[in-house]
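Worksheet: one structure, shown below.
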Amino acid sequence: MQVGELLSNAARRSPDATAVVAGGERFSFTQLDERCGRLAGALLAHGLRPGDRVGILFYNTPRFVESYFACVRAGLVATPVNFRLVGPEMAYILEDSGAKALLYGRDFAATIAEIAADLPGVQFMVTPQPDGSTQALDYQTFLESGRNLPCDPAVGEGHPCQLMYTSGTTGRPKGAVLTHSNILWNLHNTIWGREDRDGQVSIIVGPLFHTAALNNHLTIQVALGGTSVLIRRFEPELLLKVIEQERATVISGAPTMYNLLLQHPQAQDYDLSSITKCTLGSAKLATQIKRRLIDFFPNITGLYDVYGCTECSPCITILKQADSLRKNGSVGRALPFLTARVVDSEDRPLPPGEVGELVCKGPNVMAGYHNNPQATRQTLVNGWFHTGDLARVDEEGFFYIVDRSKDMIVSGGENIYPREIEEVLFSHPAVADAAVVGVPDPLWGESVLAFVAVKAGQRLSEEEVTAFCKKRLASYKKPRQVRFLPEIPRNPSGKVLKYKLREMG
């Protein structure tokens, strides 16, 4: 089986059910399947062959969904491009991937025009352009020119499906090659872990260029015949309106999104009773905020923490609703179709309670990094993927992410994990967001620097933050410096850009 068949199967089972909603557009599964088939036909008619990479650069719109499923059903390798990058960064991904075609939104026409000369490998481009203002082919005309093709039966589970570039919080992003098998096994794991069912109406806020939004949210709804409600850009009040209008049942997002929803002054003006499930990813959500979410959505029955990474398609562990509050700080047990463990620096398994690196192996783990055998060898060791995350596991098999290995602070010979301090900061009623880094210290080697964003209308001093932490943490863990920012810098996946914070230190 290949990933494109998920859409074709859904169209046969539920032809008239709504597959995608975005703005004023709505497509049934039959309509979406036909459009994807014709777009696939057009791509192949323009000289592309199975295995070729195709760049996809759109906001969360039906054009992204069509481009993605057209690629995978034709055996092309979908290569989503982060729309928040600047031109040279986009050019790097397109050239590094060897993309032979680029489908992009009109919003990016100026950026693409600036870098077009740096894309010699791109043979043609396609974009919606009713005014014919660029040299690219018009999207709708291009789609209509194609013959409706079924899924290529020669494309198997071992073939590349996606080339997903890592978030790039440090250094150049790397392209993780994910096969059809990787995506399908992740689908099994995630449906089991999040207890997903058919007929869900899911709000997709995270950008579809990210593996979580694409594989955990959109793909699940397509596979189960549910509705994907695409949000182009996160705005708290717009999201609240969409939940009410579409009677959404599932919402997924990073902690930052949930924090902003909870703080919105008009939140109680909207009917949020349809939401029954929240899934959380990108970073750990403080237990205090989880409890507030349960009150915020009156009919919620499920709260799920999802942990993973691009290279794992992305899921590794999920904390189910039944354990969400009982296992404070945990990201859950390893999913059934993979193996995970905590190891020391020699890759020897550690007993429960000891901190080491979390590693995993299974059919959802990437084939390797595109054109980067050295990075592949460093990350995939004897079949085990090294996450770079420090973790511990308890006697019941629940994992706890302590921190990124590179983020650990060593002060006066003591190991300090920023995540522990951040959890304390999040529990302060005036703190909207927070992050902790280590900075050089002539006496201790490193010391703790905390960055705090204060909630609107609240006031907070450095002394108050330090005193709050001192009551809840060992003395050596408390921040020695506190700096206030309007917002904590994060990448499009919601992960804190700690290298930027260290530069401020």
Next on the checklist: Taking the criterion of being in contact with an Asp or Glu (Cβ under 9 Å, 6 or more places away or on another chain), touching a residue at least 24 places away in the same chain (Cβ under 8 Å), within 21 Å of Ser273 (Cβ to Cβ) and buried (at least 24 other Cβ atoms within 10 Å of the Cβ), would at least one residue in region 177-187 satisfy it?
Outcome noted: no
Checklist entry - Name the residues in region 1-59 that are over 21 Å from Leu103 (Cα atoms) and aromatic (Phe, Trp, Tyr), would you? => result Phe29
Checklist outcome for this item: All conditions in (1) in contact with a Phe, Trp or Tyr (Cβ under 9 Å, 6 or more places away or on another chain); (2) in contact (Cβ under 8 Å) with a residue 60 or more places away in the chain; (3) surrounded by fewer than 18 Cβ atoms within 10 Å (Cβ to Cβ) are true of Gln263 except (1)
Next on the checklist: Kindly evaluate Arg247 against the criterion of being under 16 Å from the mean Cα position of the chain (by Cα) and closer than 16 Å to Arg26 by Cα.
Outcome noted: no
Checklist entry - What do you reckon, is Pro153 outside any helix (DSSP H, G or I) and free of Cβ contacts under 8 Å to residues at least 60 places away in the same chain? => result yes
Checklist outcome for this item: In region 479-491, residues that are without any contact (Cβ under 8 Å) to a residue 40 or more places away in the chain and either in a loop (DSSP other than H, G, I, E, B) or surrounded by 15 or more Cβ atoms within 10 Å (Cβ to Cβ) (or both) total 5
Checklist entry - Any residue in region 284-292 that is closer than 23 Å to Gln221 by Cα, outside the structural domain of Asp433 (by TED's automatic domain parsing) and touching a helix residue (DSSP H, G or I) at 6+ places or on another chain (Cβ under 9 Å)? => result no
Checklist entry - If you go through region 308-329 one residue at a time, do you hit one that is in contact with a Cys (Cβ under 6 Å, 6 or more places away or on another chain) and not assigned by TED's automatic domain parsing to the domain that holds Ala435? => result yes
Item to check | helices (runs of 4 or more DSSP H) contained in region 1-107 and holding at least 1 residues within 18 Å of Met125 (Cβ to Cβ), touching a strand residue (DSSP E or B) at 6+ places or on another chain (Cβ under 8 Å) and of a type in the set (A, V, I, L, M) | outcome: 29-45, 87-97
Checklist outcome for this item: Inside region 420-429, the number of residues satisfying the requirement of being buried (at least 19 other Cβ atoms within 10 Å of the Cβ) and either in contact with a helix residue (DSSP H, G or I) (Cβ under 8 Å, 6 or more places away or on another chain) or free of Cβ contacts under 8 Å to residues at least 60 places away in the same chain (or both) is 6
Checklist entry - Are any residues in region 263-306 part of a helix (DSSP H, G or I), farther than 30 Å from Glu357 by Cβ and of a type in the set (Val, Ile, Thr), and if so, which ones? => result Ile294
Checklist entry - What are the pairs, 6+ residues apart or on separate chains, where a residue within region 450-463 that is surrounded by 11 or more Cβ atoms within 10 Å (Cβ to Cβ) has its Cβ under 8 Å from a residue that is of a type in the set (Val, Ile, Thr) and in a helix (DSSP H, G or I)? => result Ala450/Ile421; Ala450/Val465; Val452/Val465
Checklist entry - Restricting attention to region 307-352, and to residues there that are in a strand (DSSP E or B) and either small (Gly, Ala, Ser) or out of contact with any strand residue (DSSP E or B) (no Cβ under 7 Å at 6 or more places or on another chain) (or both), which single residue is surrounded by the most Cβ atoms within 10 Å (Cβ to Cβ)? => result Gly308
Item to check | Segments classed as helices (runs of 4 or more DSSP H), wholly inside region 170-254, with at least 1 members that are modelled with pLDDT of 95 or more and basic (Lys, Arg) | outcome: 180-194, 236-246
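The values are calculated or read from the model by the stated rules, or taken from the named source; none is laboratory data. These figures come from a predicted structure and were not determined experimentally. Using ideal geometry, Cβ is built from the backbone for each residue, glycine included, and neighbour counts are taken over all protein chains shown.
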